[in-house]
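Chemist: Below is the structure I would like to discuss, written out as structure tokens.
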């Protein structure tokens with residue numbers, strides 16, 4: 001049985017028709033049957049994107065990088081990075097209206113260029129998300145949680161065990177339902193604001209009403225004294241990593257497009273508002289934490305500088321509350337990370353792009369979640385966690401890889417969009433870049449190249465470069481051994497947008513062009 005809506009064009013759905021049937025018609029026009037429940041509205045999507053950016057997690061993990069390399073003035077680079085990332089978000093917002101499908105990075109790149117291109121982009125995204133879940137729980141969340149119970153020097157095995165239990169819990173949440181995962185992220189919006197903005201403002205107030213430490217005034221926020229003496233350009237590059245590491249993931253709302261109500265209106269709004277809010281609220285928090293620095297050198301040498309600052313001003317029980325908010329925010333980001341992983345695997349599998357695709361694309365009829373995919377991904381997450389456990393430089397190796405891959409993906413998707421944007425029609429009532437598109441796309445391409453160089457050239461990232469190279473080799477091997485043949489024989493892949501438009505105009509479909517072939521009977 002074919003799942004193709006033969007007479008439909010993917011661009012003929014008018015946003016003024018907000019019914020589920022109209023949304024499902026858009027999915028059908030791309031060659032798929034609607035399998036997920038459409039329950040997520042704007043705020044749920046906003047919460048997903050905002051909590052996935054997770055300014056609490058990003059600032060907590062990376063604040064010390066900026067302070068050590070370019071002093072307190074490093075916080076202003078947050079606004080610079082935020083401005084460029086908002087330009088990236090404009091491209092994401094427009095693409096989200098044109099191709100509203102789960103597994104967005106794979107679908108966008110495959111539809112714009114071809115399935116081979118989509119495979120490598122999708123696999124890169126999957127590798128980064130798989131690494132990040134285990135890395136954050138192992139390296140940060142587990143030790144912080146143990147510290148809440150006054151276990152301040154836990155054995156490495158205990159840290160690994162707690163990280164495993166946390167990963168198990170987040171996997172179960174995602175298996176139960178996407179609505180439960182969305183509730184976790186809705187709560188995380190509150191914990192993100194309290195864990196960063198409220199505490200940052202509190203520290204600013206305490207700094208203002210109590211005796212100021214040393215001679216620090218507002219001018220301190222322009223101090224460029226770094227702990228590490230490097231050329232200015234190099235110090236600024238490393239200091240910018242605070243924003244570069246953190247202000248990513250806002251596009252994840254697009255991965256839930258097939259579970260969203262009024263997708264082509266709500267996804268762009270969620271993406272843009274989530275990133276804008278993260279930039280603004282993060283800057284407020286950074287000002288509060290930085291102006292309250294009691295002693296610059298001690299903070300620069302601290303492994304957890306935000307805790308050092310908080311402990312100077314706040315009683316121990318309040319510091320524990322602060323840590324609790326940080327922990328919950330980290331758990332929420334992994335809940336969403338796993339949801340995004342599973343939707344990407346589902347999207348790849350329904351196009352027969354993965355080994356054992358017929359199992360990985362199954363959606364449980366009761367929970368409406370891809371349970372098999374989630375279990376397999378949970379095992380892979382644990383595998384990377386164990387890999388990090390045995391790495392001497394595990395933070396830079398694991399976190400470094402999860403930082404560079406989003407920018408590689410932004411570049412590859414934007415490059416494809418630059419070449420094929422003219423193929424896409426205007427969607428009635430949808431977000432559009434209009435005449436500004438060439439400038440926006442050009443800025444994104446230049447910006448992402450600069451960031452990729454910054455995240456690969458320094459020696460501290462050589463471990464992550466090797467891990468990324470290993471992932472690329474694995475993707476290439478699967479492509480050469482099996483996937484290339486599947487694509488050549490028409491047993492895998494998708495139909496490009498140009499061909500879909502030809503079909504809509506009555507040109508007829510060529511044989512073996514992805515979703516125009518029956519999805520359920522593709523041989524493995």
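All of the numbers you see were taken from the coordinates with simple rules; none came from a lab. Computed from a predicted model, the values in this text were never measured in an experiment. Every residue, glycine as well, gets a Cβ built from its backbone with ideal geometry; the counts of neighbours run over all protein chains shown.
Chemist: Run the numbers for residue 457 and residue 158: contour at 0.36 nm per residue of separation, minus the present Cα-Cα distance, in nm.
Modeler: The span from residue 457 to residue 158 would gain 104.2 nm if fully extended.
Chemist: If the stretch 201-314 were replaced by its equivalent ellipsoid, with semi-axes equal to the square roots of 5 times the Cα gyration tensor eigenvalues, what would those be, largest first, whole Å?
Modeler: 35, 19, 12
Chemist: If I fit a long axis through the Cα atoms of helix 199-209 and take the longest principal axis of the Cα atoms of the chain, what angle between them do I get, 0 to 90°, rounded to 10?
Modeler: So the inclination is approximately 30 degrees.
Chemist: On the principal axes of its Cα set, how long, how wide and how thick is the stretch 123-178? Give whole Å, largest value first.
Modeler: Cα extents, longest axis first: 37, 26, 15 Å.
Chemist: Same structure again: What percent of all Cα-Cα pairs in the chain falls into each 20 Å bin, going from 0 up to the bin containing the maximum distance?
Modeler: Result returned by the calculation: 23, 56, 19, 2.
Chemist: What is the helix-to-structure angle for 316-350, meaning the angle in degrees between its Cα long axis and the longest Cα principal axis of the chain, kept from 0 to 90 and rounded to the nearest 10?
Modeler: 20
Chemist: Also, quick follow-up: How far is helix 437-454 tilted off the main Cα axis of the chain, in degrees rounded to 10, range 0 to 90?
Modeler: In the chain, helix 437-454 runs at an angle near 50 degrees to the longest axis.
Chemist: Here's a follow-up. Normalising by the residue count of the stretch 33-129, find the relative contact order in percent from Cα pairs under 8 Å and 6+ residues apart.
Modeler: Reported as a whole number, the value is 11 percent.
Chemist: Let me ask you something else. Any idea what the relative contact order of the stretch 306-397 is, in percent, if you count C-alpha pairs under 8 Å spaced at least 6 apart?
Modeler: It rounds to 16 percent for the stretch 306-397.
Chemist: Still on this structure, I have one more. Compute the separation of the alpha-carbon centres of the stretch 217-234 and the stretch 268-289 and state it in Å as a whole number.
Modeler: 24
Chemist: Counting only Cα, what are the radius of gyration and maximum Cα-Cα distance Dmax of the stretch 302-402, in Å?
Modeler: Gyration radius and largest Cα-Cα distance of the stretch 302-402: 18.8, 56 Å.
Chemist: Compute the length gained on full extension between residue 472 and residue 391: take 0.36 nm times their separation in residues and subtract their Cα-Cα distance, giving the result in nm to one decimal.
Modeler: 27.2 nm
Chemist: Let me have the relative contact order for the chain, percent, based on Cα pairs under 8 Å that are six or more residues apart.
Modeler: 31
Chemist: Kindly state, to the nearest 0.05, the FRET efficiency for residue 210 paired with residue 37, given R0 = 41 Å and r defined as their beta-carbon distance.
Modeler: 0.20
Chemist: Once Rh is set to the Kirkwood radius over Cα pairs, what Stokes-Einstein translational diffusion coefficient, in µm²/s, holds for the stretch 141-216 at a temperature of 10 °C and a viscosity of 1.306 mPa s?
Modeler: Diffusion coefficient, whole number: 102 µm²/s.
Chemist: Debye calculation, C-alpha points only, no solvent: report log10 I(q)/I(0) for the stretch 22-110 at q = 0.15, 0.24 Å⁻¹, in the same order as the q values.
Modeler: -0.78, -1.31
Chemist: In addition: Can you tell me the FRET efficiency between residue 224 and residue 280 if r is taken as the Cβ-Cβ distance and R0 is 22 Å, rounded to the nearest 0.05?
Modeler: Calculated value: 0.40.
Chemist: Between residue 488 and residue 151, what length comes free when the chain is fully extended (0.36 nm per residue of separation minus the Cα-Cα distance, one decimal in nm)?
Modeler: The residue 488-residue 151 span can extend by a further 115.7 nm.
Chemist: Given R₀ = 45 Å, what would the calculated FRET efficiency be for residue 232 paired with residue 366, taking r from the Cβ atoms and rounding to 0.05?
Modeler: 0.15
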